[in-house]
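Since the structure comes first, as C-alpha cells, the remarks are kept for the end.
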Amino acid sequence: MPAAIHRTMNVAEWGLLVTLSMLWGGSFFFNAVILAALPPFTLVAARLLLGAGFLYLVVRIAGRRMPVTPKVWAAFLLMGVLNNVIPFSLIAWGQTQMASGLASIFNATTPFFTVLVAHIYTRDERMTPATVAGLLIGFGGVVMMMGADALLDAVGGHLLGQLAILAAALSYAFSAVFARRFARTGVEPLPAATGQIAAAALVMVPMALIVDRPWTLPVPGPQVFAAILGLAALATCLAYVIYYRILATAGAVNLMLVTFLIPVSAILLGTVILGERLSPHHFLGMAAIGIGLGVIDGRTLAWLRRRQG
C-alpha cells in the first residue's frame, strides 16, 4: 500500500517545492530563447531526448536499475504523454502566441484542475472549503503580481494560445494524480522520472522529425544550444527527480501548488540576475500567494484559531 498523503508539508517538502518552482520558472525563459530559432515540436523533442539521457546517466552513477516489466513501462508511457508530450507541446506552442508572463498566469490554473481531478479520483485529497479559498487567494496573487498589463493582454486576444495552456494545465492535473500509482509499483523516484521522460521522448522525437523536419532548419546559435542544455538538465532532469519525491509524501494537490510559485521565482530571478526592480504590486502579489499557500497547507487557519482561542 502507498504511504498516506499528509496535507501539511514539512520544511523539507516546502524547500523542494520552492526549488522545483525555480527550475520550472526557468523553463519559460529557456523556451522563449529556443522558440526564436526552433519550432515547438523540435524544442520539446530535444528537451526530452537530452533529459532522458541525463537521467539515465544519473541512474547508472547512482547504481540503480531501470524496471523492465511491460506493465511499468506502459505506465511510464501514459505518464510521459500526460505530463510531458501534451503539456510541453501545448505550452511551447502557446508561448509563440503570447508573452512568457501571461503564459505563466494561465499555467497557474493547474492547482484548480488538480483539486477537481484529485477530489474525483483519490480518497485522501478531497476538496475542502479551505483548499478552494486558498486556491482563489493564491491565483489572485499570481494575477496581481503579474500586473494589469498581463490582464489586458489576456482580455485582448490570443484565445487559441490561452486555450492551449489551459489544456496543458488540465493534462498536468491528470498526470499528477495518475503518478501516485507509481507508489504501488515500488518504483523509486529516479527510475520513475527516467522511464517517464524516456517514454515521452520515444513519442515526441518521431513527431518532430515528421512535422518540423529539423534537418532543414538553419543551425541555431550558441545561446540556443545553451538554453536547450539548461532546459534538459535543470528543468527536466533535476526537476522530475524532485517532482516524484514531493509527490510520494505530499500528494498531487500540494505538488501542483508549484505553479503559484513559478511566477514568484521568475520575478525574483529577474531581480537577482538581470537587476530588474520590484514594484509594490509584486510584493502584494507575493503576500497573497503566501497567504493562499498557508490556507491550503492548514497553517494559516491553525494560527488564526490559536489567536482566537
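Just a few scattered comments:
- Scanning the range 15-30 for residues that are modelled with pLDDT of 85 or more and either open to solvent by 10 Å² or more (accessible area, probe 1.4 Å) or among the hydrophobic types (A, V, I, L, M, F, W, C) (or both) yields a total of 10.
- Against the conditions (1) small (Gly, Ala, Ser); (2) in contact with a Phe, Trp or Tyr (Cβ under 8 Å, 6 or more places away or on another chain); (3) surrounded by fewer than 15 Cβ atoms within 10 Å (Cβ to Cβ), Gly221 satisfies every one except (2).
- Whenever a residue of the range 129-144 is without any contact (Cβ under 8 Å) to a residue 12 or more places away in the chain and open to solvent by less than 10 Å² (accessible area, probe 1.4 Å), it has no partner that is of a type in the set (D, E, K, R) and not in a helix (DSSP H, G or I) lying with C-beta atoms less than 9 angstrom away and at least six residues away or across chains.
- With respect to (1) at pLDDT 75 or above; (2) of a type outside the set (S, T, N, Q); (3) open to solvent by 70 Å² or more (accessible area, probe 1.4 Å), the lone exception for Leu152 is condition (1).
- Whichever residue in the range 62-82 is surrounded by 23 or more Cβ atoms within 10 Å (Cβ to Cβ) and in contact with a Phe, Trp or Tyr (Cβ under 8 Å, 6 or more places away or on another chain) and, among such residues, is farthest from Ile137 (Cα to Cα): Ala75
- Gly94 under 23 Å from Pro222 (Cα atoms) and either touching a residue at least 60 places away in the same chain (Cβ under 8 Å) or open to solvent by 40 Å² or more (accessible area, probe 1.4 Å) (or both): no
- So Val59, is it open to solvent by less than 20 Å² (accessible area, probe 1.4 Å) and either among the aliphatic types (A, V, I, L, M) or not in a helix (DSSP H, G or I) (or both): yes
The values are calculated or read from the model by the stated rules, or taken from the named source; none is laboratory data. Fair warning: this is a prediction, and the values are worked out from it, not measured in the lab. FYI the Cβ positions are ideal-geometry reconstructions off the backbone, even for glycines, and counts take in every protein chain you see. Accessible surface is based on the protein model in full, side chains and every heavy atom, while ligands, DNA and RNA are left aside. Shrake-Rupley method; radii C 1.70, N 1.55, O 1.52, S 1.80 Å.
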